[in-house]
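Before any comments, here is the structure.
The values are calculated or read from the model by the stated rules, or taken from the named source; none is laboratory data. Source: prediction; values computed, not measured. When we count neighbours, we look across all protein chains shown, and the Cβ atoms used for this are built from the backbone with ideal geometry, even at glycine.
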Amino acid sequence: MPDSQPSSRDGASTSDRIPRLPTVTAAEPMARLLRETGRLVEVVRTCIGCRQRADRTTLVRIVAVQGPTAVVVTPDRNGTLPGRGAHLHPTNRCLELAVRRKAFGRALRIEGPLDLDALAALIKSPGPSA
Ligand SMILES: [Zn+2]
């Protein structure tokens, strides 16, 4: 009789034994490359409001621009403005925290009156990014 194989082994050895491909994304070798060149460090910034570290893309960069009467805290949505920058979550909570702890002056190395209107306007009406 050729029917010597126990039929129960077949069912157990099919679905469980298929080797799973490791879920390595294509971005990983690139991430390692960036880490070795030191550029990946740039991705994480600290919010000057809540002091949480966050991905740079979730924070808004701000720079100090000297205006006629005050230093204008200017949101730098494209990341292109020159000068010393700081990062903040674009939320009222983090804006308030940053104001209360005078984080703008410290982070941007500025003194005197600050004009936060542009930043506040951005946070209060976060329209679609142009
Ligand atoms: Zn924050």
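Residue-by-condition table, conditions (1) outside any loop (DSSP other than H, G, I, E, B); (2) away from the ligand (no atom under 13 Å from the Cβ); (3) more than 20 Å from LYS124 (Cβ to Cβ); (4) modelled with pLDDT under 95:
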residue: PRO29; (1), (2), (3), (4): yes, yes, yes, yes
residue: ARG32; (1), (2), (3), (4): yes, yes, yes, yes
residue: GLU36; (1), (2), (3), (4): yes, yes, yes, yes
residue: THR57; (1), (2), (3), (4): yes, yes, yes, yes
residue: PRO68; (1), (2), (3), (4): no, yes, yes, yes
residue: GLY83; (1), (2), (3), (4): no, yes, yes, yes
residue: LEU97; (1), (2), (3), (4): yes, no, no, no
residue: GLY112; (1), (2), (3), (4): no, yes, yes, yes
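If the condition is being of a type outside the set (A, V, I, L, M, F, W, C) and either closer than 13 Å to THR69 by Cα or in contact with a Gly (Cβ under 8 Å, 6 or more places away or on another chain) (or both), then the stretch 106-118 contributes GLU111, GLY112, PRO113, ASP115.
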